[in-house]
Amino acid sequence: MKTIYGIQYLRAAAAIAVVLFHAAEKTGYHFTIGAAGVDVFFVISGFIMWVISDRRSVTPVEFIADRCRRIVPVYWLATAVMVAGALAGLFPNLVLTLEHVLASLFFVPARSPSSGEIWPVLVQGWTLNFEMLFYAVFAGSLFMPRNWRLPVVTGLFLALVIVGRVVAFDDPVMLTYTRPVILEFVAGMIIGEFWLKGRVPPLAVGSALLACSLGGFALIGVLGLPFDELTTGPLAVLLVTGVLSLEVNGCVRALPLPGLLGDASYSIYLWHTFAISVVAKAGLAIGLGAPVTMFAGVLSGTLIGIAAYMMLERPLLRRGRARRVTAGPARRAAE
């Protein structure tokens with residue numbers, strides 16, 4: 001579909017926010033609100049999947065195959081680097097078990113033997129467990145008439161959240177998939193439906209929503225307030241809605257660097273912690289100050305993500321698109 005530059009730039013901002021969060025964590029600073037970049041990603045994901053499915057007819061199998069081509073190869077490679085590093089003794093605190101590695105590779109929530117947390121081997125991959133749940137449910141909804149899809153997905157996710165509030169689970173899968181954060185995908189789909197119908201807030205309202213969102217995030221960050229998806233989720237919804245209002249009113253232009261960062265946001269998200277860990281240890285060893293070390297960590301984390309996008313993710317995506325283009329005529333001929 002046509003590039004929505006505001007969404008592209010939000011992807012970039014969300015990725016950089018997560019980079020800042022981890023760089024601050026490694027250098028003794030606090031930018032905990034940067035973790036809310038994940039909430040923005042989830043709302044954007046719901047929006048994009050809904051809009052794309054409306055503009056391009058796709059079967060459930062094609063949808064899942066496309067999502068797997070987009071998500072899995074780079075994630076598996078990053079996980080393999082973690083496993084190899086652990087086996088080589090580079091990550092002494094990382095405990096490996098075959099069960100946990102397999103659960104990580106196949107997006108099954110499981111407790112890490114290293115910490116007891118529900119994390120995969122590559123810790124930031126926890127968000128992909130939610131993404132894969134959403135993709136599976138969304139693919140299933142494609143079997144239904146269009147006007148059933150949004151109510152069914154909404155109802156299912158609401159039911160899961162309600163069950164999670166009523167029942168005290170200990171199972172990692174149920175603990176994960178009953179969290180309210182899954183409603184952020186639904187919110188993105190609802191925003192997408194309004195976008196497709198041209199019901200985007202006028203510029204004044206959109207600007208106000210944007211200001212409220214950024215002000216809310218800033219307030220949480222500056223005051224160090226506790227937060228979870230129940231607070232950052234609505235702020236992410238306001239942010240995406242406000243940016244789309246700016247977009248439709250012609251206030252967003254194509255910019256090369258933010259566009260590149262948006263394209264590379266997935267790779268930045270997956271790979272940045274490798275660079276930050278190395279820079280943080282090096283900075284401590286040579287006596288760099290914390291501000292310089294943090295800046296170097298953010299810069300190196302972003303650059304390694306861009307490099308991974310250019311050398312790994314983008315070639316894989318192009319190869320996948322080429323296969324779809326060549327397979328289409330062959331499939332039609334066979335039919």
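As an exercise: evaluate GLY28 against (1) without any contact (Cβ under 8 Å) to a residue 12 or more places away in the chain; (2) more than 19 Å from the chain's Cα centre (by Cα) and give the number of the one condition it does not meet.
All conditions are met except number (1).
With SER265, SER207, SER277 as the choices, which residue is over 27 Å from PHE295 (Cβ atoms) and of a type in the set (S, T, N, Q)?
Every option except SER207 fails the conditions.
Please identify the pairs in which a residue from the range 1-19 that is modelled with pLDDT of 95 or more has its Cβ atom under 8 Å from the Cβ atom of a residue that is of a type in the set (Lys, Arg) and surrounded by fewer than 19 Cβ atoms within 10 Å (Cβ to Cβ), counting only partners at least 6 apart or on another chain.
Partner pairs satisfying both residue conditions: TYR5/ARG253.
Does the range 38-58 contain at least one residue that is surrounded by fewer than 21 Cβ atoms within 10 Å (Cβ to Cβ), outside any helix (DSSP H, G or I) and polar (S, T, N, Q)?
For the range 38-58, residues surrounded by fewer than 21 Cβ atoms within 10 Å (Cβ to Cβ), outside any helix (DSSP H, G or I) and polar (S, T, N, Q): present.
Step by step: first the residues of the range 275-290, then only those that are farther than 11 Å from THR302 by Cα, of a type in the set (A, V, I, L, M, F, W, C) and not in a loop (DSSP other than H, G, I, E, B), then the one that is most open to solvent (accessible area, probe 1.4 Å). Which residue is that?
The residue in question is LEU284.
Quick grid of which residues meet (1) surrounded by fewer than 22 Cβ atoms within 10 Å (Cβ to Cβ); (2) over 23 Å from the mean Cα position of the chain (by Cα); (3) not aliphatic (A, V, I, L, M):
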position	(1), (2), (3)
MET189	no, no, no
GLY206	no, yes, yes
ALA218	yes, no, no
VAL222	yes, yes, no
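Give me a count of the residues in the range 84-135 that are in contact with a helix residue (DSSP H, G or I) (Cβ under 8 Å, 6 or more places away or on another chain), free of Cβ contacts under 8 Å to residues at least 60 places away in the same chain and among the hydroxyl-bearing types (Ser, Thr, Tyr).
Number satisfying all stated conditions: 2.
Could you check the range 59-87 and list, in sequence order, the residues that are open to solvent by 30 Å² or more (accessible area, probe 1.4 Å), among the β-branched types (Val, Ile, Thr) and within 21 Å of the chain's Cα centre (by Cα)?
ILE64, VAL81
For (1) modelled with pLDDT under 95; (2) surrounded by fewer than 22 Cβ atoms within 10 Å (Cβ to Cβ); (3) small (Gly, Ala, Ser), each residue gets a yes or a no:
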site	(1), (2), (3)
LEU225	yes, yes, no
LEU230	yes, yes, no
ALA236	no, no, yes
VAL240	no, no, no
LEU246	no, yes, no
ALA254	yes, yes, yes
ASP263	no, yes, no
SER267	no, no, yes
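The values are calculated or read from the model by the stated rules, or taken from the named source; none is laboratory data. Values in this document were obtained by computation on a predicted structure and should not be read as measured data. Backbone-built Cβ (ideal geometry, glycine too); neighbour counts: all protein chains shown. Calculation scope for accessible area: heavy atoms of the full protein, side chains included, ligands and nucleic acids excluded. Shrake-Rupley method; radii C 1.70, N 1.55, O 1.52, S 1.80 Å.
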